[in-house]
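The values are calculated or read from the model by the stated rules, or taken from the named source; none is laboratory data. On a predicted model such as this, the values are computed, not experimentally measured, just so you know. Here the Cβ is made from the backbone with ideal geometry for all residues, glycine too, and neighbour counts use every protein chain on show. Ligands, DNA and RNA are stripped out before the accessible areas are found, and what is left, the full protein with its side chains, is counted by its heavy atoms. Shrake-Rupley method; radii C 1.70, N 1.55, O 1.52, S 1.80 Å.
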Amino acid sequence: MSRFLVIYWHLVFRFMMPLIKRVNWDVVFSVNLTSRESYYQNCPAPLAKYAIRSKIYYHKNIPFALVLGKRFKGLILFTGTPNQLLASNPEHIHQIASDLLTYKAKRYALGAGLPSVYNRATEHLTRHPDIVHQHSGFIFLMLGSFGLVLDRFQHYHLDRRPIAIVGAGYSGKALANALVDQGYRVNLFDIRQVSEETTKENLNLFVDRFEEIGSSGLIIILSTDGESGFRSIKRHLKPNMVVLSNAFPSLSPESVAIMKSSGVFVFETFASIPSTRTFPNLKGLVPPGFGGCYIQAHLESITGTHYDNDIARFTQDANEHNIKPFLVPL
């Protein structure tokens, strides 16, 4: 039944596209399915096969779900451009962003691999002020999730050891700097040399040296997808470690089972927005909450503010609007 509903919902959106683009949305949120495999993880097999064959999915934003709340309406789109193609040719993000702006909205949000590529494409793209790709919402979400973990596992004293961040990309470096600014020690891990190494005190970068994970109690996975992060660290996991995942696609059930059998606690990170839900609400296809990239656009559409990277101001307004991070045990 769920497969039928997803295909039906998609086809309705597809043929009602001209009407959908005339609606004045509060937020239009675009997320890319980062690889061929992610199609099959997030879509029914018939839809995944059709999408992979159809090149239109590489540059178009296809309506997938609604976000509805009190006097609020948002739209979730997906685009099929894999991360590898996005990174290899900036023209792809230009076409995606141009298509995104054909929808009417107060704010536009980018998710998965789109924000980092959009941020790097300075020579090929004139940035639109209402396309949100900065870090305030993400940092608010992750610092809040970090606080929830510290409260939940007080007896492990996770903050006395370095915090491990797997993925030293656009979001990973921003979170690492935010944690260091709050006085924590951070070890940043990646499989490749990153272009901008930090010289901040209490922040260490390890390239392809994941054995250093063992000195941490809390691990935050921000890799291109959850599985690549898991493969990098699985040999170095120890009992009573805590893993927070904020990757898309997320960890597979098989990887979660391996971690839990090793005595590791695993959580996904989301935020709740009062009286706001996504439709259709199908398990495995629509997450139980909202990510940082989305909540920033959501709050900006309500307050009329461009927070950019003003984390303090965003946090104050998010608290006033009762937006709260929460953890989902895996």
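Things worth noting here:
- Residue-count net charge about residue 24 - beta-carbon cut-off 10 Å; Lys, Arg +1, Asp, Glu -1: +3
- Computed from phi, the 3J(HN,Hα) profile of the stretch 91-98 under the Karplus parametrisation 6.51, -1.76, 1.60 (θ = phi - 60°) reads 4, 5, 5, 4, 5, 5, 5, 5 Hz, with x in place of Gly and Pro.
- Expressed as a fraction of 2.2 N^0.38 Å, the value expected for a compact globular protein of N residues, the C-alpha radius of gyration of the stretch 74-182 is 1.29.
- For the stretch 221-330, average projected area of the Cα convex hull in nm²: 8.0
- Within the full protein context, the accessible area of residue 228 is estimated at about 30 Å² for a probe radius of 1.4 Å.
- Accessible surface ranking that places the most exposed of 79, 224 first, with a 1.4 angstrom probe: 224, 79
- Shape parameters for the stretch 179-273, alpha-carbon atoms, Rg then Dmax in Å: 13.6, 38
- Under-5 Å amide H pairs with residue 266, H placed in peptide plane, nonlocal only: 243, 330
- Under 5 Å between amide hydrogens, built in the peptide plane, is the criterion, and for residue 109 it picks out 28, 29, 30, 132 among residues at least 5 positions away or on other chains.
- Put simply, the amide H of residue 326, placed in the peptide plane, has neighbours under 5 Å in 270, 271, 272, leaving out anything fewer than 5 places away on its chain.
- Aspartates and glutamates whose Cα lies under 13 Å from that of residue 173, excluding same-chain neighbours fewer than 8 positions away: 181, 190, 196, 197
- Accessible surface, 1.4 Å probe, highest first, among residues 237, 85, 19: 19, 85, 237
- Residue 203 sits with roughly 10 Å² accessible to a 1.4 Å probe, with DNA, RNA and ligands left out of the calculation.
- Residue order for 190, 310 - accessible surface, 1.4 angstrom probe, largest first: 310, 190
- Averaged over its residues, the stretch 71-125 has an accessible area of 41 Å² per residue, based on protein heavy atoms and a 1.4 Å probe.
- Given 104/324; 21/70; 21/324; 73/104; 60/106, the pairs whose alpha carbons are separated by over 23 Å: 104/324; 21/324
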